[in-house]
Amino acid sequence: MAAASARALAAAVSALLAAAVLLASPSPVAAEEGCTRRPVVFAFGDSNTDTGGTAAALGSYLPLPEGRTHFRRSTGRLCDGRLVMDYLCESLNMSYLSPYMEALGSDFGNGANFAIAGSGTMPRDRPFALHVQVQQFVHFKQRSLQLISHGEKAPVDAEGFRNALYLIDIGQNDLSAAFSSGLTYDHVVHHRIPAMLSEIQDAITLFYDGAKNFWVHGTGPLGCLPQKLAELRNDDDGGDLDDSGCLRTLNNASHEFNDQLSSVCHKLTSQLKGSTIVYTDVLSIKYDLVANHSGYGFEEPLMACCGYGGPPYNYNANVSCLDPGYRVCEDGGKFVSWDGVHYTDAANAVVAAKILSAEFSTPNVPFGYFCKT
């Protein structure tokens with residue numbers, strides 16, 4: 001596919017995002033695209049959702065080509081452009097979420113982003129595990145309500161916190177680290193995953209004290225990441241590879257995590273009265289993107305755009321994107337993977353459009369339901 005065609009695809013998907021919102025509304029609304037009140041979103045997770053938190057927390061700088069698409073500048077995102085979270089915000093006609101850790105230029109009127117790259121659920125007290133992110137939110141909420149009680153202004157009030165959407169997308173780093181450390185599949189499935197889910201359950205339960213709307217993403221297909229595919233495998237004959245070229249064992253573990261996570265969400269829905277907990281099957285969305293990449297206009301489903309080593313994966317753990325000697329593709333619109341771990345702007349647009357369809361969510365409610373009721 002020519003570069004112009006890839007760009008046209010990205011434009012078409014962006015149009016689909018806008019159309020999805022308009023179709024969900026009884027009539028077009030100039031402000032908030034169908035929301036009857038100001039949308040407020042609090043996000044928690046890892047680099048798949050981090051809009052600059054790591055850069056702010058550690059003082060790190062991610063120069064171009066990070067952010068070269070759409071933003072055309074460094075934004076602290078591990079992507080050439082927008083993340084799925086950014087596209088979801090666009091669908092509600094709201095500003096991108098400001099990182100909680102960013103001291104300058106932040107606008108928390110539509111919520112805050114507590115996600116930090118590299119985060120997992122465990123160890124729970126290590127910065128910036130999910131539990132730590134939750135504690136940061138608790139501080140943010142308490143401080144906001146304290147300011148309001150003293151007659152001062154705060155970006156979100158008690159009603160805003162109550163009606164906000166709490167989005168959680170975490171688990172990929174936990175699974176990756178578990179297998180990289182040599183844990184057996186059975187240990188990961190029967191011991192590590194339940195411990196991970198316990199942390200997610202605790203987070204939702206804590207939020208429930210003053211909140212009711214939750215949006216939980218399952219993890220993606222770990223076995224389709226160029227990073228994992230480039231690692232030495234015990235089966236040199238490629239016996240663990242499926243028809244799409246992905247690692248079966250890692251994807252099976254991802255499926256197991258998601259199945260258990262979906263069950264946790266279902267259980268909590270019955271326990272937390274008055275709450276809406278939406279589970280979204282991101283794995284099915286992303287795997288379909290890899291397996292049927294040509295149908296979405298992509299040419300390289302398993303090779304990183306930014307990395308080192310060339311085909312088939314263009315990933316080298318010693319020379320990652322931005323490291324001395326790295327190479328970057330000319331047109332990220334042809335690639336699903338940006339750097340071997342994270343998706344490109346174009347791929348994230350497709351993933352977001354699928355999420356907005358509600359086809360992969362249980363229950364099947366539109367993403368913007370929380371600001372329309």
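Return the only residue of Ala10, Ala30, Ala4, Ala57 being within 20 Å of the chain's Cα centre (by Cα), at pLDDT below 50 and among the hydrophobic types (A, V, I, L, M, F, W, C). Going through Ala10, Ala30, Ala4, Ala57 in turn, just one is within 20 Å of the chain's Cα centre (by Cα), at pLDDT below 50 and among the hydrophobic types (A, V, I, L, M, F, W, C): Ala10. Each residue in segment 327-360 was checked for being of a type outside the set (A, V, I, L, M, F, W, C), assigned to a loop (DSSP other than H, G, I, E, B) and surrounded by fewer than 24 Cβ atoms within 10 Å (Cβ to Cβ), and 4 pass. Counting only residues that are farther than 26 Å from Gly274 by Cβ, touching a residue at least 40 places away in the same chain (Cβ under 8 Å) and open to solvent by 30 Å² or more (accessible area, probe 1.4 Å), segment 133-179 holds 3 of them. For the residues Ile200, Ile193, the requirement of being in contact with an Asp or Glu (Cβ under 8 Å, 6 or more places away or on another chain) and either without any contact (Cβ under 8 Å) to a residue 40 or more places away in the chain or among the hydrophobic types (A, V, I, L, M, F, W, C) (or both) singles out Ile193. Taking the criterion of being farther than 15 Å from Val341 by Cα and either touching an Asp or Glu at 6+ places or on another chain (Cβ under 7 Å) or not small (Gly, Ala, Ser) (or both), the residues of segment 246-261 that qualify are Arg248, Thr249, Asn252, His255, Glu256, Phe257, Asn258, Asp259, Gln260, Leu261. Please give the number of the condition Ser74 fails out of (1) in contact with a Gly (Cβ under 6 Å, 6 or more places away or on another chain); (2) at pLDDT 95 or above. Here Ser74 clears every test but (2).
For segment 84-94, how many residues are under 20 Å from Gly109 (Cβ atoms) and either open to solvent by 10 Å² or more (accessible area, probe 1.4 Å) or aliphatic (A, V, I, L, M) (or both)? Count: 6.
For segment 313-336, the count of residues that are under 22 Å from Arg72 (Cα atoms), free of Cβ contacts under 8 Å to residues at least 60 places away in the same chain and under 17 Å from the mean Cα position of the chain (by Cα) is nonzero. Considering segment 224-316, the qualifying helices (runs of 4 or more DSSP H), each wholly inside and each with 1 or more residues that are within 24 Å of Ile355 (Cβ to Cβ), open to solvent by 60 Å² or more (accessible area, probe 1.4 Å) and not aliphatic (A, V, I, L, M), run over 248-271, 282-291.
Is it true that some residue in segment 183-205 is surrounded by fewer than 19 Cβ atoms within 10 Å (Cβ to Cβ), closer than 30 Å to Asn318 by Cβ and either aromatic (Phe, Trp, Tyr) or within 18 Å of the chain's Cα centre (by Cα) (or both)? Yes, some residue in segment 183-205 is surrounded by fewer than 19 Cβ atoms within 10 Å (Cβ to Cβ), closer than 30 Å to Asn318 by Cβ and either aromatic (Phe, Trp, Tyr) or within 18 Å of the chain's Cα centre (by Cα) (or both). For segment 152-186, a residue qualifies if it is more than 18 Å from Gly223 (Cα to Cα) and assigned to a helix (DSSP H, G or I), and the qualifying residues are Ala158, Glu159, Gly160, Phe161, Arg162, Asn163.
The values are calculated or read from the model by the stated rules, or taken from the named source; none is laboratory data. These figures come from a predicted structure and were not determined experimentally. Here Cβ is always computed from backbone atoms with ideal geometry, including for glycine, and neighbour counts include all displayed protein chains. Remember, those area values only see protein heavy atoms, side chains included, never the ligands or the DNA or RNA. Shrake-Rupley method; radii C 1.70, N 1.55, O 1.52, S 1.80 Å.
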